[in-house]
Amino acid sequence: MESKRERIPPGQTVTDGWPVLHEGPVPAFDPATWTFRVFGEVERPITLTYDEFRALPVRSVRCDIHCVTHWSKLDNVFEGVPFAEIARLAGVKPTARHVIIHAENGYTTNVPLEDCMRDDVLFAHRHNGQDLTPEHGWPLRIVIPHLYFWKSAKWVRGVEFSPVDKPGFWEQRGYHNYGDPWKNGGQRFWFD
Ligand SMILES: Nc1nc2c(c(=O)[nH]1)N[C@H]1C(S)=C(S)[C@@H](COP(=O)(O)O)O[C@H]1N2
Ligand SMILES: [Mo]
């Protein structure tokens, strides 16, 4: 029991299901026109087609996820392309400090570069042995397990490396800029 308690951040309740939470409609996906753009403070800005993206090396990560709305889901296995692989392909300049994840319909979220470079951060297309469903971000979502799940943008279309921080969709609407589930009883809102 002791280890189990320490595994669940303050104010969280474990769920066996997987709630669906997002703003706006689930976007349509067409592999013929989908692109993934890497831009900003990089030596080699790149635009990948869907086939090119799927040819990149993949790995699996087992992790717990924590939503700001107080549910946690344990022992997820996500499979996808490591964030660090994308950073390596594009050649991140030393001037880059922040990452802005760009998703469909203008959704963005901001994460410090060093957080994205952790080896459990993935651009994921599979969960627990199956392709993501459209509701959970198919064809591609980022997964950043150590931060609240709103940072794990669904329907990702690109990544920007920036010298300056750029608060994203929820960060501009009162959510915490960093979102550590373990700090201060959970960094849910800007004043936590
Ligand atoms: N593109 C996009 N990604 C998003 C969101 C969104 O509105 N749009 N909502 C975020 C929020 S607030 C949460 S809690 C998680 C929920 O992911 P899930 O529906 O797979 O549980 O997605 C995040 N990623
Ligand atoms: Mo959320």
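The values are calculated or read from the model by the stated rules, or taken from the named source; none is laboratory data. Not measured: the values here are computed from a predicted model. Cβ placement follows ideal geometry from the backbone for every residue including glycine, while neighbour counts extend to all protein chains displayed.
From the list Arg44, Arg5, Arg54, which one is under 20 Å from Trp138 (Cα atoms), more than 16 Å from ligand 2 (Cβ to nearest atom) and either modelled with pLDDT under 95 or basic (Lys, Arg) (or both)?
Among Arg44, Arg5, Arg54, only Arg54 is under 20 Å from Trp138 (Cα atoms), more than 16 Å from ligand 2 (Cβ to nearest atom) and either modelled with pLDDT under 95 or basic (Lys, Arg) (or both).
So is Asp30 assigned to a loop (DSSP other than H, G, I, E, B) and away from ligand 2 (no atom under 16 Å from the Cβ) or not?
For Asp30, the condition - assigned to a loop (DSSP other than H, G, I, E, B) and away from ligand 2 (no atom under 16 Å from the Cβ) - is met.
Is there any pair with a first residue in the stretch 120-140 that is touching a residue at least 24 places away in the same chain (Cβ under 8 Å) and a second that is surrounded by fewer than 21 Cβ atoms within 10 Å (Cβ to Cβ) and of a type in the set (Gly, Ala, Ser) whose Cβ atoms are under 9 Å apart and which are 6 or more apart or on different chains, and what are they?
From residues that are touching a residue at least 24 places away in the same chain (Cβ under 8 Å), the pairs are Val121/Ala84; Leu122/Ser60; Arg126/Ser60; Pro134/Ala28.
Every residue in the stretch 37-81 that is among the β-branched types (Val, Ile, Thr) and farther than 15 Å from His127 by Cβ, please.
Of everything in the stretch 37-81, those that are among the β-branched types (Val, Ile, Thr) and farther than 15 Å from His127 by Cβ turn out to be Val38, Val42, Ile46, Thr47, Thr49, Val68, Thr69.
Which count do you get for residues in the stretch 151-169 that are surrounded by fewer than 22 Cβ atoms within 10 Å (Cβ to Cβ) and more than 17 Å from Pro134 (Cβ to Cβ)?
Final tally of qualifying residues: 9.
Given the options Trp71, Trp150, name the one that is out of contact with any Phe, Trp or Tyr (no Cβ under 8 Å at 6 or more places or on another chain) and of a type in the set (Phe, Trp, Tyr).
Answer to the selection: Trp71.
How about the stretch 170-186: which of its residues are surrounded by 17 or more Cβ atoms within 10 Å (Cβ to Cβ) and farther than 27 Å from Thr95 by Cα?
Passing the criteria: Pro181, Gly186.
Tell me, which residue of the stretch 146-156 that is within 15 Å of ligand 2 (Cβ to nearest atom) and touching a residue at least 40 places away in the same chain (Cβ under 8 Å) is nearest to Thr35 (Cα to Cα)?
The selected residue is Trp155.
Please work out which one of (1) within 16 Å of ligand 2 (Cβ to nearest atom); (2) out of contact with any Pro (no Cβ under 6 Å at 6 or more places or on another chain); (3) of a type in the set (A, V, I, L, M, F, W, C) is the condition Leu140 fails and give its number.
The failed condition is (1).
Before we move on, is Gly40 more than 14 Å from ligand 1 (Cβ to nearest atom), of a type in the set (Gly, Ala, Ser), under 19 Å from the mean Cα position of the chain (by Cα) and surrounded by 10 or more Cβ atoms within 10 Å (Cβ to Cβ)?
For Gly40, the condition - more than 14 Å from ligand 1 (Cβ to nearest atom), of a type in the set (Gly, Ala, Ser), under 19 Å from the mean Cα position of the chain (by Cα) and surrounded by 10 or more Cβ atoms within 10 Å (Cβ to Cβ) - is met.
Residues are listed down the side, and each one gets a yes or a no for (1) in contact with a Gly (Cβ under 6 Å, 6 or more places away or on another chain); (2) surrounded by 11 or more Cβ atoms within 10 Å (Cβ to Cβ); (3) without any contact (Cβ under 8 Å) to a residue 40 or more places away in the chain:
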{"position": "Ile8", "(1), (2), (3)": "no, yes, no"}
{"position": "His22", "(1), (2), (3)": "no, yes, no"}
{"position": "Thr33", "(1), (2), (3)": "no, no, yes"}
{"position": "Thr47", "(1), (2), (3)": "no, yes, yes"}
{"position": "Asp51", "(1), (2), (3)": "no, no, yes"}
{"position": "Leu56", "(1), (2), (3)": "no, yes, yes"}
{"position": "Ser72", "(1), (2), (3)": "no, yes, no"}
{"position": "Val81", "(1), (2), (3)": "no, yes, no"}
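When the residues of the stretch 101-126 are filtered to those that are more than 16 Å from ligand 2 (Cβ to nearest atom) and crowded, with 21+ Cβ neighbours inside 10 Å, which remaining residue is farthest from Pro19 (Cα to Cα)?
Going through the qualifying residues, I end up with Cys116.
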